[in-house]
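The values are calculated or read from the model by the stated rules, or taken from the named source; none is laboratory data. Note that the structure is a prediction, hence the values are computed from the model and not measured. Positions of Cβ are generated from backbone atoms using ideal geometry, with glycine treated the same way; all protein chains shown enter the neighbour counts.
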Amino acid sequence: MYTRKHYDSITTKSSVHNLNTRNKDKLAVPSFRLQKTRGSFLGKCIAMFNKVPQNVIDLPINKFQIHVKNILMSKGYYKVDDYFKDRNLYLLL
């Protein structure tokens with residue numbers, strides 16, 4: 001939810017380079033020197049947000065929260081890494 005609320009203040013991949021890629025609307029994860037900081041709150045938030053499909057991101061904030069909450073509750077992940085490894089996360093749409 002943090003990433004969705006602060007979407008305008010976070011850098012997108014299209015603003016990092018001028019290439020027209022399919023991931024141009026995704027958020028750019030800041031580069032970190034240490035592994036400890038790569039797993040920080042902001043880095044994980046952006047990585048998790050980038051996994052959400054664009055049609056869900058475009059929903060109003062209240063519907064976005066409900067939709068993401070329902071998906072996460074239906075899956076019941078034990079670890080954050082389980083979320084990242086799930087390839088069928090949004091096939092339920």
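List of remarks:
- Residue match in segment 38-45 (condition: closer than 20 Å to ASP25 by Cβ and either exposed (fewer than 11 other Cβ atoms within 10 Å of the Cβ) or at pLDDT 80 or above (or both)): yes
- Failed criterion for LEU92 (all others in (1) assigned to a helix (DSSP H, G or I); (2) among the aliphatic types (A, V, I, L, M); (3) modelled with pLDDT under 70 hold): (1)
- Scanning segment 62-85 for residues that are touching a residue at least 40 places away in the same chain (Cβ under 8 Å) and either loosely packed, with under 11 Cβ neighbours inside 10 Å or farther than 16 Å from LEU27 by Cβ (or both) yields one hit, GLN65.
- In segment 24-59, the residue that is farthest from ILE10 (Cα to Cα) out of those that are touching a residue at least 24 places away in the same chain (Cβ under 8 Å) and in a loop (DSSP other than H, G, I, E, B) is PRO53.
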